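Have a look at the structure below, then the notes.
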Amino acid sequence: MAGELCDSCVFCKIIRGQIPCHKVYEDERVLAFADIGPLSEGHCLVVPKHHEQFFHRLPEPYAAALGPAISRVAAGVVDALGVTDYNIINNNGERCGQTVAHVHWHIVPKGEDGSGLCLDWRALKDVDGEKISEYTQKIRDAVGKR
Ligand code: AMP
């Protein structure tokens with residue numbers, strides 16, 4: 001059951017069948033296909049059939065459908081290509097590298113040749129336990145109000 005789709009985004013056009021894709025999996029609420037600009041062989045995208053840029057704004061049935069679909073497609077990539085290591089990543093917003101404004105999760109195998117996702121994971125140096133406790137409380141309160 002497709003939710004609301006937009007007229008302009010490339011993933012809505014793929015979901016509608018207006019643009020072709022290399023499909024690997026589909027169910028009522030999710031479509032998965034090969035990324036056209038793969039970071040490594042087997043790089044796939046898992047996309048909800050509802051247009052929304054940000055994951056936290058996705059209607060719950062679509063958010064809930066993503067978990068099992070991502071797991072299933074990741075298992076397929078592992079089984080089919082003999083992949084052992086892979087990243088699963090979902091970029092939200094331009095500053096996080098999002099180029100297509102429709103929620104999508106990347107499954108990116110790590111190639112033995114080093115291909116795949118390159119992370120520049122830099123932990124903050126000036127955040128202590130007190131600071132973590134402070135923002136954790138705010139998040140807990142906000143989560144509780146949802
Ligand atoms: P992001 O940078 O997280 O928004 O990722 C968008 C991804 O969509 C990129 O990895 C693109 O290669 C991929 N992409 C864009 N257009 C297509 C398309 N027509 N079919 C498959 N993948 C696409």
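The values are calculated or read from the model by the stated rules, or taken from the named source; none is laboratory data. Quick caveat, the model's predicted, so the values are computed rather than measured. Methodologically, a virtual Cβ is constructed for each residue, glycine included, from the backbone with ideal geometry; neighbour enumeration extends over all protein chains shown. The accessibility values were calculated without ligands, DNA or RNA, using every heavy atom of the protein model including side chains. Shrake-Rupley method; radii C 1.70, N 1.55, O 1.52, S 1.80 Å.
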message = Using a Gaussian network model on the chain with a 10 Å cutoff between Cα atoms, which of F54, F11, F33 fluctuates the most?
response = F54
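Quick one: net charge of Y86's neighbours, Cβ under 15 Å, K/R +1, D/E -1?
Numbers: positive: R72, K110; negative: D35, E41, D79, D85, E112, D113.
Local net charge: -4.
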remark   = Taking Cα atoms only, helix 129-145 is inclined relative to the longest principal axis of the chain by an angle, in degrees rounded to 10, of 60
remark   = For K145, the lysines lying under 25 Å Cα to Cα, once residues fewer than eight places off in the same chain are dropped, come out as K131
ask   = Residues in the range 42-64 near a label at C96, defined as backbone nitrogen under 13 Å from the 7 Å Cα→Cβ point?
value = 53-58
key: Residue-level accessible surface for E28, protein heavy atoms, 1.4 Å, Å²   = 110
note = Taking protein heavy atoms only, a 1.4 Å probe, and rounding to whole percent, the accessible area of the chain owed to carbon and sulfur comes out at 53
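Expressed in nm to one decimal, what extension gain is obtained for the pair R72 and A142 from 0.36 nm per residue of sequence separation less their Cα-Cα distance?
Values: separation 70, 0.36 × 70 = 25.20 nm, distance 3.15 nm.
Answer, rounded to one decimal: 22.0 nm.
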task = Can you tell me which of 105-112, 1-8 comes out highest on packing, and rank the rest after it, using the mean Cβ neighbours within 10 Å?
result = 105-112, 1-8
query = So how far apart, in nm, are the two label points at N87 and I132 if each is 7 Å from Cα heading toward Cβ?
reply = 2.3
request  = Please report how far the C-alpha centroid of the range 31-48 lies from that of the range 90-141, rounded to the nearest whole angstrom.
outcome  = 19
Among F55, A74, V30 the positive-end extreme of the charge dipole of the range 26-85 (Cβ point charges) = F55
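If you add up the charges near E112, with Lys and Arg at +1 and Asp and Glu at -1, over every other residue whose beta carbon is less than 12 angstrom from its beta carbon, what do you get? Write down the numbers at each step before the final one.
Numbers: positive: K110; negative: E41, D85, D113.
Net of charged neighbours comes to -2.
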inquiry  = What do you get for the angle between helix 60-81 and the principal long axis of the chain? Use alpha-carbon atoms, 0 to 90 degrees, nearest ten.
reply    = 60
query = Reachable lysines from K23, Cα under 22 Å, same-chain residues fewer than 8 places away excluded?
reply = K13, K49, K110
query = Just A34, A69, A123 to compare: in a GNM of the chain, with alpha carbon springs under 10 Å, which one fluctuates most?
reply = A123
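Ranked from the most accessible area to the least, with a 1.4 Å probe and all protein chains present, what is the order of K23, K145, K125?
Values: K23 120, K145 170, K125 200 Å².
Descending accessible area places them as K125, K145, K23.
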remark   = Averaged per residue, the 1.4 Å probe accessible area of the chain, protein heavy atoms only, in Å², is roughly 66
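I'd like to compare 41-53, 79-91: which one has the highest average count of other Cβ atoms within 10 Å, and what's the full order after that?
Most protected by this proxy first, the peptides run 41-53, 79-91.
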note = With every protein chain in place, the accessible area of R72 for a 1.4 Å probe, in Å² rounded to the nearest 10, comes to 150
